[in-house]
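> One structure is given below, represented as structure tokens, and several questions about it will come after.
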Amino acid sequence: MRTQVAIIGAGPAGLLLGQLLHKAGIDNVIVEQRSGEYVLGRIRAGIIEQICQDLLDEAGVGERMHREGIVHHGIELCFGGQRHRIDLRQLTGGKSVMVYGQTEVTRDLMDARAAAGLPTVYEAANVQVHDFDGTSPRVSWQKDGATHELQCDFIAGCDGFHGVCRASVPADRIQTFERVYPFGWLGILADTPPVSDELIYSNHERGFALCSMRSHTRSRHYVQVPLTDKVESWSDEAFWDELRRRLDPEAAESLVTGPSIEKSIAPLRSFVAEPMRFGRMFLAGDAAHIVPPTGAKGLNLAASDVRYLSRAFVEYYRDKTEAGIDDYSRKALRRVWKAERFSWFMTSLLHKFPDDAGFGFKIQQAELDYLVSSAAASTSLAENYVGLPFED
Ligand code: APR
Ligand code: PHB
């Protein structure tokens, strides 16, 4: 088997890249280790930046998002028992974000890929990447008792944090930067109405809390928990009680509780691998970087890499120039590090740090007060939250 671009991983990064390349007439095959149902079973964040929405439209998969997604023009910061609105639209000259689950984005991309009849190999075992340093890279895997091989011009490593692509790079050619946070997020999904029209990010002495949503009838909430906590020991009732304690009196009063549909604990991590290109193999999305979810940047950053990478491939095939692929890593990393900075900033601002004797909490309160009372500070938060511009 032969293709132009072999894409490893059918998460949002791989699927979106495949769709954009297809639109540009570039052949691609996706090789994914899990089943389609497994990929769709993962519940993740749900905030989509304007530029990510534009890219989904460009890929021809934005229709349902515009129909079912909810446009948000602001967010609320809760601290000291009060909520303060950050008016994203006013502070950014009209920009907003879309509330639409990553699971739905993935589903739309999968459906479009199936409708276009594009090749995807699911449940591929022992996926390996070969010869990406030469001119004839290959991908191999096992399925149905046989070994398969795919020859290609390029490999796109869209295989997430635990993928095989980054792991196949010799250690002396890659540098990694990491921060692991001393807490996790316990999240629940429930068919209850959202607490407020907009997201509430709460800094509280007991720890961080976030009230989010998937629709007008489905809410998604999180509370900060110690990494040692087990999800089994959190009853739904205990979760709702803890969330209520971390909100302002009005939000606490209006909180509607109900049985959880999903409940899980996720650790928080910042991670970047440099560079993002190794010969004819390119990393994109979680394969190259992880952000803590506080800034809602994970999916958006994956889309941003894919935008740069798809344009670089189009330039290579259509304009016969390698300038785009040569510049991919530099361009992508410049935007990645800004999103890493913002996600780290939001995480540091809003969480309770276990080793803090009180000074850190006081600084957080001062910073939050400054943020909501200074136009310069709130503009900085808003422009990062809606997504920084691309370098073209
Ligand atoms: N071979 C083939 N596929 C693999 C391999 C492998 N060795 N290892 C992992 N994969 C697959 C995973 O099963 C998964 O479906 O690669 C896919 C990677 O998808 P994601 O983890 O969703 O990563 P990405 O597409 O970069 O999406 C980034 O997901 O985790 C969130 O916060 C993140 O929202 C961001 C988005
Ligand atoms: C979510 O809805 O899951 C969500 C929203 C905003 C975040 C993180 C997660 O910052």
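The values are calculated or read from the model by the stated rules, or taken from the named source; none is laboratory data. What you see is a predicted model, and the numbers here were worked out from it, not measured in a lab. Cβ placement follows ideal geometry from the backbone for every residue including glycine, while neighbour counts extend to all protein chains displayed. When the accessible area is computed, the model is the full protein with side chains, heavy atoms only, and any ligands, DNA or RNA have been set aside. Shrake-Rupley method; radii C 1.70, N 1.55, O 1.52, S 1.80 Å.
> Name the pairs whose Cβ atoms lie under 8 Å apart, with the first residue in region 45-74 and farther than 23 Å from Ser196 by Cα, the second assigned to a strand (DSSP E or B) and at pLDDT 95 or above, and 6 or more positions between them or separate chains?
Matching pairs, first to second residue: Gln53/Met98; Leu56/Ile48.
> Residues Thr217, Thr294, Thr257: which one is without any contact (Cβ under 8 Å) to a residue 60 or more places away in the chain and either closer than 24 Å to Thr176 by Cα or part of a loop (DSSP other than H, G, I, E, B) (or both)?
On the way: Thr294 fails: without any contact (Cβ under 8 Å) to a residue 60 or more places away in the chain; Thr257 fails: without any contact (Cβ under 8 Å) to a residue 60 or more places away in the chain.
Residue meeting the stated conditions: Thr217.
> Considering (1) in a helix (DSSP H, G or I); (2) within 16 Å of ligand 2 (Cβ to nearest atom); (3) open to solvent by 20 Å² or more (accessible area, probe 1.4 Å), say which one Met65 fails and leave the rest.
Of the numbered conditions (1) in a helix (DSSP H, G or I); (2) within 16 Å of ligand 2 (Cβ to nearest atom); (3) open to solvent by 20 Å² or more (accessible area, probe 1.4 Å), the odd one out for Met65 is (3).
> Okay, next question. Give the number of residues within region 12-27 that are open to solvent by 10 Å² or more (accessible area, probe 1.4 Å) and either within 16 Å of ligand 2 (Cβ to nearest atom) or closer than 13 Å to Val139 by Cβ (or both).
Of the residues in region 12-27, 1 are open to solvent by 10 Å² or more (accessible area, probe 1.4 Å) and either within 16 Å of ligand 2 (Cβ to nearest atom) or closer than 13 Å to Val139 by Cβ (or both).
> Say we look at region 229-248 and pick out the residues that are out of contact with any strand residue (DSSP E or B) (no Cβ under 9 Å at 6 or more places or on another chain) and not charged (D, E, K, R); which of these is most open to solvent (accessible area, probe 1.4 Å)?
Across region 229-248, the extreme among qualifying residues is Ser233.
> Can you name the residue in region 15-51 that is of a type in the set (S, T, N, Q) and under 15 Å from Leu109 (Cβ atoms) and is also nearest to ligand 1 (Cβ to nearest atom) among such residues? Before the answer, list the steps.
Going through region 15-51, the residues of a type in the set (S, T, N, Q) turn out to be 19, 28, 33, 35, 50.
Cutting the leftovers down to under 15 Å from Leu109 (Cβ atoms) gives us 19, 28.
Numbers: Gln19: 13, Asn28: 14 Å.
The qualifying residue nearest to ligand 1 (Cβ to nearest atom) is Gln19.
> If you don't mind, another one. Kindly list the number of the only condition in (1) over 20 Å from Gly69 (Cα atoms); (2) within 16 Å of ligand 1 (Cβ to nearest atom) that fails for Leu210.
Condition not satisfied by Leu210: (1).
> Same structure again: Looking at region 2-18 only, could you name the residues that are closer than 14 Å to Gln33 by Cβ and part of a loop (DSSP other than H, G, I, E, B)?
Gly9, Ala10, Gly11
> Among strands (runs of 3 or more DSSP E) lying entirely in region 68-177, which contain 1 or more residues that are open to solvent by 20 Å² or more (accessible area, probe 1.4 Å) and farther than 25 Å from Lys23 by Cα? Step through it out loud before you land on a result.
Working: elements: 70-72, 74-79, 82-87, 97-99, 125-130, 138-143, 146-151, 154-157.
Hits in region 68-177: 70-72, 74-79, 82-87, 125-130, 138-143, 146-151.
> May I pose another question? How many residues are under 21 Å from Trp185 (Cβ atoms) and either open to solvent by less than 20 Å² (accessible area, probe 1.4 Å) or among the polar types (S, T, N, Q) (or both) if we restrict to region 40-51?
The number of residues fulfilling the criteria is 4.
> Right, next: What tally of residues in region 289-303 results from selecting those that are more than 8 Å from ligand 1 (Cβ to nearest atom) and among the hydrophobic types (A, V, I, L, M, F, W, C)?
Here the count works out to 2.
> Does region 347-365 hold any residues that are open to solvent by less than 20 Å² (accessible area, probe 1.4 Å) and in contact with a Phe, Trp or Tyr (Cβ under 7 Å, 6 or more places away or on another chain), and which are they?
Residues satisfying the conditions are Thr347, Leu350, His351.
> For region 299-346, name all the residues that are open to solvent by 30 Å² or more (accessible area, probe 1.4 Å) and within 14 Å of ligand 2 (Cβ to nearest atom).
Result: Trp344, Phe345.
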